[in-house]
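Enquirer: First the structure, then my questions, so here it is.
The values are calculated or read from the model by the stated rules, or taken from the named source; none is laboratory data. Just so it is clear, the structure is predicted and the values come from calculations on it, not from any experiment. As a convention, Cβ positions derive from the backbone with ideal geometry for all residues, glycine included, and neighbour counts pool all protein chains shown.
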């Protein structure tokens, strides 16, 4: 009788696919964008380099001959921002149909858990929105998801992973099971039911397992996956995305010492990394996720499946941020870069700053509040 192999190493790669609305509000069409040449506009260029290739990623043999085409959306956890999805549906519906089909197949792969998750509708920074707008963003994002994926989402992507406790409260009320955050957003952890807290505010949280986040003085909770920061950043900014072997080696290094405890290597990057930012890296993850990971003793999974198999053993508290406005993955000042001149670089010219953001946000918030009164009378 052969002994059954126990798999305790898991891999999940999440792709956050998003583009802002580029349409002229008067015509409903995207104007010519010369910087996107030879394509008409940036949506079209990124579509041809990323969104479409990921539905038919090429795997070649040793002679460079095409051996197989893989729909990567069957194997990665992913979200599509509604503004981007609407454009793809309008301009390239066949490709969006393949994305939907991939999600349906993933439900069979991963025991009832689909790869696709929702996204807050307009990619707003949730902690900076009032409660009413938070609810609207979640509900619209969920309804959009339900319309096209024909199921309820288990999770929702928060723009820039911007999160605070009011955001979490809204997510719980709207039935969201889990979210994905950056490790730098965690403050401290403890065993569920335990008393002693462990400080992880220096990014030392173990990203190989999910955590439970309770509301203050409540038994209500949401579960959180913190992605592996170093690997995710290496994929986004280094060259490991160009080689399946290099990427697999980096993933193996992250597992550390052999242990019987299940380990999830959780990676989250902008989906455009695979094909647009990193040319042809859609092929890298196609081979890695369909063949190489399994050959190296990993089970490719998605967050929903892993959460069902291995619920959290630890609870986590998040950093409150300035004025309890929370934190994000792209601002070391919490969420300051979207409301004031916090010091984050704009990448602009000498002498440029972001001082204009505070009066602009204040004026738009004021307009929102006045219009709310008018239209609700």
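Enquirer: Within the group 345, 330, 281, which residue is farther than 30 Å from residue 197 by Cβ and either outside the structural domain of residue 51 (by TED's automatic domain parsing) or modelled with pLDDT under 95 (or both)? Spell out how you get there, then give the answer.
Expert: Details: 330 fails: farther than 30 Å from residue 197 by Cβ; 281 fails: either outside the structural domain of residue 51 (by TED's automatic domain parsing) or modelled with pLDDT under 95 (or both).
Selected residue: 345, the only one of 345, 330, 281 that is farther than 30 Å from residue 197 by Cβ and either outside the structural domain of residue 51 (by TED's automatic domain parsing) or modelled with pLDDT under 95 (or both).
Enquirer: For residue 172, are the conditions met, namely being at negative phi and surrounded by fewer than 16 Cβ atoms within 10 Å (Cβ to Cβ)? Steps first, answer last, please.
Expert: Values: at negative phi: yes; surrounded by fewer than 16 Cβ atoms within 10 Å (Cβ to Cβ): no.
So residue 172 fails the test.
Enquirer: Please state which one of 227, 221 is closer than 30 Å to residue 288 by Cβ and in contact with a strand residue (DSSP E or B) (Cβ under 7 Å, 6 or more places away or on another chain). Step through it out loud before you land on a result.
Expert: Working: 221 fails: closer than 30 Å to residue 288 by Cβ.
Going through 227, 221 in turn, just one is closer than 30 Å to residue 288 by Cβ and in contact with a strand residue (DSSP E or B) (Cβ under 7 Å, 6 or more places away or on another chain): 227.
Enquirer: OK, next. Please determine whether any residue of segment 215-222 is within 17 Å of residue 11 (Cβ to Cβ) and without any contact (Cβ under 8 Å) to a residue 60 or more places away in the chain. Walk me through how you get there before you give the answer.
Expert: So in segment 215-222, the residues within 17 Å of residue 11 (Cβ to Cβ) come out as none.
Looking through segment 215-222, none of the residues is within 17 Å of residue 11 (Cβ to Cβ) and without any contact (Cβ under 8 Å) to a residue 60 or more places away in the chain.
Here is a yes/no grid of residues against (1) modelled with pLDDT of 95 or more; (2) buried (at least 17 other Cβ atoms within 10 Å of the Cβ); (3) touching a helix residue (DSSP H, G or I) at 6+ places or on another chain (Cβ under 7 Å):
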| site | (1), (2), (3) |
| --- | --- |
| 111 | yes, no, yes |
| 135 | yes, no, yes |
| 143 | yes, no, no |
| 146 | yes, no, no |
| 156 | yes, yes, yes |
| 181 | yes, yes, yes |
| 198 | yes, no, no |
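Enquirer: With the requirement that a residue be surrounded by 14 or more Cβ atoms within 10 Å (Cβ to Cβ), touching a residue at least 12 places away in the same chain (Cβ under 8 Å) and assigned to a loop (DSSP other than H, G, I, E, B), what does segment 331-351 give you? Spell out the reasoning first.
Expert: Taking segment 331-351 and keeping what is surrounded by 14 or more Cβ atoms within 10 Å (Cβ to Cβ), we get 331, 333-342, 344.
Next, from what is left, pick out any that are touching a residue at least 12 places away in the same chain (Cβ under 8 Å): 331, 334-342, 344.
Across segment 331-351, the qualifying residues are 331, 334, 335, 339, 340, 341, 342, 344.
Enquirer: So, one more: Do we find that residue 203 is within 18 Å of residue 160 (Cβ to Cβ), in a loop (DSSP other than H, G, I, E, B) and assigned by TED's automatic domain parsing to the domain that holds residue 318 in this structure?
Expert: On the way: within 18 Å of residue 160 (Cβ to Cβ): yes; in a loop (DSSP other than H, G, I, E, B): yes; assigned by TED's automatic domain parsing to the domain that holds residue 318: yes.
Yes, satisfied.
Enquirer: For residues that are farther than 23 Å from residue 156 by Cβ and out of contact with any strand residue (DSSP E or B) (no Cβ under 6 Å at 6 or more places or on another chain), scanning just segment 200-210, find the one that is surrounded by the fewest Cβ atoms within 10 Å (Cβ to Cβ).
Expert: Within segment 200-210, the match that is surrounded by the fewest Cβ atoms within 10 Å (Cβ to Cβ) is 202.
Enquirer: Answer with yes or no whether residue 254 is closer than 18 Å to residue 330 by Cβ and touching a strand residue (DSSP E or B) at 6+ places or on another chain (Cβ under 9 Å).
Expert: In short, no.
Enquirer: A follow-up question, please. Of the residues 60, 70, 66, which is over 24 Å from residue 116 (Cβ atoms) and in contact with a helix residue (DSSP H, G or I) (Cβ under 9 Å, 6 or more places away or on another chain)? Please lay out each step first, then the result.
Expert: On the way: 70 fails: over 24 Å from residue 116 (Cβ atoms); 66 fails: in contact with a helix residue (DSSP H, G or I) (Cβ under 9 Å, 6 or more places away or on another chain).
It is 60.
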